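Everything below concerns the one structure shown next.
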Amino acid sequence: MIPAIRGTHDILPGEVERWQRVEAVSRRLFERYGYAEVRTPIIEREELFAKGTGETTDIVQKEMYAFTDKGGERITLRPEATPSLVRAFVEHSLEQAMASPKIYLFGPMFRYERPQKGRYRQFHQLDVEVFGVSDPAVDAEVVDLAWALVGELGIANAELVVNSVGCPACRPAFGEALLKALGEDVTRLCGDCQRRAGVNPLRIFDCKVPQDQPIIDGLPHSVDYLCDACRDHFAAVERHLGMYGIPYRVSHRLVRGLDYYTRTTFEILAGNIGAQNAILGGGRYDGLVKQLGGPDRVGIGFAAGIERLVLAMPDGARDDGRRPLFVAAMGEPARESALALLRDLRRAGLEAHMEYEGRSIKSQMKRADRLKAAFALILGDDELAAGVVSVKDMTKGGQARVSRDAVVNHCRALVAGGQE
RNA sequence: GUGGGUAUAGCUCAGUGGCAGAGCGCCGGACUGUGGCUCCGGAAGUCGCGGGUUCGAACCCCGUUACCCACCCCA
């Protein structure tokens with residue numbers, strides 16, 4: 001056997017229905033909020049993420065599936081969606097081509113990480129982005145959309161966390177304030193935190209080591225170091241969220257791992273899905289479009305992990321509700337006739353199955369039962385001679401003979417009746 | 001990259017040195033043209049892989065791989 005690649009998974013019948021539900025619910029919702037779908041390639045230039053996601057991030061430093069192709073280009077499988085969507089926005093001048101540049105994407109992402117619950121090497125995200133609107137009302141609208149998505153999927157125990165990480169004007173001062181407040185205490189933090197202090201001090205807030213918490217609790221908060229413009233913006237976002245009645249918590253410890261975030265950041269956490277409990281995360285990235293060579297346009301969006309949404313969704317009924325028809329045949333002449341009937345049923349828009357190998361009528365009926373067939377259409381020598389089909393109601397047990405010419409319409413009526 | 005756990009039939013698992021097992025599922029029969037319930041029978045295994053100890057290893061030892069969980073990171 002040749003097994004699947006580590007950290008990748010087949011999504012099989014029984015589970016795929018949950019994925020289809022996520023897709024259907026989110027597409028419907030995104031379109032209600034005015035978004036249009038965009039599909040971008042899975043491979044991109046490595047440079048796009050080095051510049052976009054950020055050279056200092058773990059994603060770029062050690063998690064990308066990057067390689068040199070036969071033409072000598074540095075290529076990578078995309079580790080996240082936002083830089084690709086920014087690239088598409090710039091490359092196709094979407095701000096002029098679209099009446100309103102609000103786009104969404106659904107697809108696989110790749111990161112070379114150690115797999116665990118809710119974390120895979122090929123995983124799937126749905127991602128939305130809005131370009132060119134700096135008004136805080138849009139921040140709140142995007143958060144509202146995220147919250148609505150989680151709600152429509154029936155995910156209970158979800159928690160919305162919001163923060164502001166400032167902008168290039170005020171964030172450096174906050175970083176310095178952090179390091180100054182830490183002072184000598186840096187040496188008493190865990191090894192990871194000491195490393196973070198050098199690379200990205202804000203990430204110290206992510207630490208879960210119990211011994212570090214007293215020190216971290218004493219550190220300054222980013223919201224207290226915002227410039228006037230960022231402070232006003234965040235206050236307006238909070239006002240809108242309050243107006244929408246969305247329950248949220250402001251956490252100064254919400255610092256996201258991607259370099260491009262500015263001002264508003266948010267996450268939705270789910271309970272009971274393991275340690276990887278962030279099912280959705282996003283924020284504003286006002287400098288990214290320009291950073292990637294486009295016009296100076298702001299942006300905001302979020303990404304949700306489909307695997308994690310599916311984990312967090314309540315267990316639906318396992319029954320998919322399909323009640324097909326089953327054609328059973330006895331003898332070679334009847335089999336020929338049954339094949340034609342099978343095709344006619346399908347042409348008429350009905351789901352129909354048949355046992356292709358010449359098994360006993362008993363095992364054919366067994367198969368019909370397993371398929372949860374609503375009706376079995378039985379064809380034997382008797383039926384053939386009389387020009388009829390025996391139609392057995394698998395639920396009630398009754399059986400009636402219907403003429404071959406009328407049986408397709410008869411079945412269509414039966415199935416339509418059963419769906420009421 | 002680090003740590004812990006696990007690996008036996010399609011699935012879930014029992015078996016701790018002496019014949020490879022159960023439940024569910026699958027196939028067939030009881031019922032020769034009728035499913036579900038019941039009963040009977042059957043098929044199905046590289047006991048993850050490699051080495052070692054032993055008269056004898058699914059079981060003990062060493063190594064290795066994969067999976068799961070956690071750290072890290074993040075959706």
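The values are calculated or read from the model by the stated rules, or taken from the named source; none is laboratory data. Note that the structure is predicted; figures quoted are calculated from it, not measured. In this analysis, Cβ positions are derived from the backbone assuming ideal geometry, glycine residues included, and neighbour counts consider all displayed protein chains. Each accessible area value is taken on the protein alone, full model and side chains, heavy atoms only, with ligands, DNA and RNA left out. Shrake-Rupley method; radii C 1.70, N 1.55, O 1.52, S 1.80 Å.
Hey, does the stretch A:282-294 have a residue that's in contact with a helix residue (DSSP H, G or I) (Cβ under 6 Å, 6 or more places away or on another chain), of a type in the set (A, V, I, L, M) and in a strand (DSSP E or B)?
For the stretch A:282-294, residues in contact with a helix residue (DSSP H, G or I) (Cβ under 6 Å, 6 or more places away or on another chain), of a type in the set (A, V, I, L, M) and in a strand (DSSP E or B): absent.
Residues of the stretch A:300-314 being within 16 Å of RNA strand B (Cβ to nearest atom) and either assigned to a strand (DSSP E or B) or open to solvent by 50 Å² or more (accessible area, probe 1.4 Å) (or both), which ones?
Matches in the stretch A:300-314: A:Ile300, A:Gly301, A:Phe302, A:Ala303, A:Ala304, A:Gly305, A:Leu311.
Residues to consider are A:Leu345, A:Leu377, A:Leu341; find the one that is in contact (Cβ under 8 Å) with a residue 40 or more places away in the chain, of a type in the set (A, V, I, L, M) and within 12 Å of RNA strand B (Cβ to nearest atom).
A:Leu377
Could you tell me which residue of the stretch A:183-195 is nearest to the chain's Cα centre (by Cα), considering only residues that are within 20 Å of A:Gly257 (Cβ to Cβ) and open to solvent by less than 50 Å² (accessible area, probe 1.4 Å)?
By that ranking, first place goes to A:Cys193.
Among the listed residues A:Val133, A:Val142, A:Val150, A:Val138, identify the single one that is among the β-branched types (Val, Ile, Thr), under 19 Å from the mean Cα position of the chain (by Cα) and under 27 Å from A:Gly287 (Cα atoms).
None of the other options fit; the residue is A:Val142.
Search the stretch A:403-420 for residues being more than 43 Å from the chain's Cα centre (by Cα) and within 18 Å of A:Leu339 (Cβ to Cβ), and hand back the single one that is farthest from RNA strand B (Cβ to nearest atom).
Applying the filter and picking the extreme gives A:Asp405.
Against the definition (in a loop (DSSP other than H, G, I, E, B), in contact with a strand residue (DSSP E or B) (Cβ under 6 Å, 6 or more places away or on another chain), open to solvent by 20 Å² or more (accessible area, probe 1.4 Å) and within 9 Å of RNA strand B (Cβ to nearest atom)), how does A:Arg297 come out, yes or no?
No; evaluated as a whole, the condition is false for this residue.
In this structure, is A:Ala328 in contact with a Phe, Trp or Tyr (Cβ under 7 Å, 6 or more places away or on another chain) and within 12 Å of RNA strand B (Cβ to nearest atom)? Lay out the reasoning, then the answer.
Details: in contact with a Phe, Trp or Tyr (Cβ under 7 Å, 6 or more places away or on another chain): no; within 12 Å of RNA strand B (Cβ to nearest atom): yes.
No: the conditions fail for A:Ala328.
It is to be established whether one or more residues within the stretch A:174-183 are in contact with a helix residue (DSSP H, G or I) (Cβ under 9 Å, 6 or more places away or on another chain) and free of Cβ contacts under 8 Å to residues at least 24 places away in the same chain.
Filtering the stretch A:174-183 for residues in contact with a helix residue (DSSP H, G or I) (Cβ under 9 Å, 6 or more places away or on another chain) gives A:174-179, A:182.
Right, trim to free of Cβ contacts under 8 Å to residues at least 24 places away in the same chain and you get A:176, A:179.
For the stretch A:174-183, residues in contact with a helix residue (DSSP H, G or I) (Cβ under 9 Å, 6 or more places away or on another chain) and free of Cβ contacts under 8 Å to residues at least 24 places away in the same chain: present.
Would you check which residues across the stretch A:380-401 are aliphatic (A, V, I, L, M), modelled with pLDDT under 95 and open to solvent by less than 40 Å² (accessible area, probe 1.4 Å) and list them?
Once the filter is applied, which keeps residues that are aliphatic (A, V, I, L, M), modelled with pLDDT under 95 and open to solvent by less than 40 Å² (accessible area, probe 1.4 Å), the stretch A:380-401 yields nothing.
If I ask for residues that are modelled with pLDDT of 90 or more, open to solvent by 50 Å² or more (accessible area, probe 1.4 Å) and assigned to a loop (DSSP other than H, G, I, E, B), which ones from the stretch A:12-39 would you list?
Scanning the stretch A:12-39 gives A:Tyr33, A:Arg39.
Tell me yes or no: at least one residue of the stretch A:252-274 is open to solvent by 40 Å² or more (accessible area, probe 1.4 Å), touching a strand residue (DSSP E or B) at 6+ places or on another chain (Cβ under 9 Å) and either hydrophobic (A, V, I, L, M, F, W, C) or assigned to a helix (DSSP H, G or I) (or both).
no
Assigned by TED's automatic domain parsing to the domain that holds A:Gln399 and either exposed (fewer than 12 other Cβ atoms within 10 Å of the Cβ) or basic (Lys, Arg) (or both), is that true of A:Glu332?
It is true that A:Glu332 is assigned by TED's automatic domain parsing to the domain that holds A:Gln399 and either exposed (fewer than 12 other Cβ atoms within 10 Å of the Cβ) or basic (Lys, Arg) (or both).
Mind checking whether some residue in the stretch A:218-226 is within 22 Å of A:Gln194 (Cβ to Cβ), touching a helix residue (DSSP H, G or I) at 6+ places or on another chain (Cβ under 8 Å) and open to solvent by 60 Å² or more (accessible area, probe 1.4 Å)?
Initially, the stretch A:218-226 is screened for residues within 22 Å of A:Gln194 (Cβ to Cβ), giving A:218-222.
So of that shortlist, the ones also touching a helix residue (DSSP H, G or I) at 6+ places or on another chain (Cβ under 8 Å) come out as A:218-220, A:222.
Those still in the list that are open to solvent by 60 Å² or more (accessible area, probe 1.4 Å) too: A:218.
Within the stretch A:218-226, one or more residues are within 22 Å of A:Gln194 (Cβ to Cβ), touching a helix residue (DSSP H, G or I) at 6+ places or on another chain (Cβ under 8 Å) and open to solvent by 60 Å² or more (accessible area, probe 1.4 Å).
Any idea how many residues of the stretch A:275-286 are within 8 Å of RNA strand B (Cβ to nearest atom) and touching a strand residue (DSSP E or B) at 6+ places or on another chain (Cβ under 6 Å)?
Residues meeting the conditions: 7.
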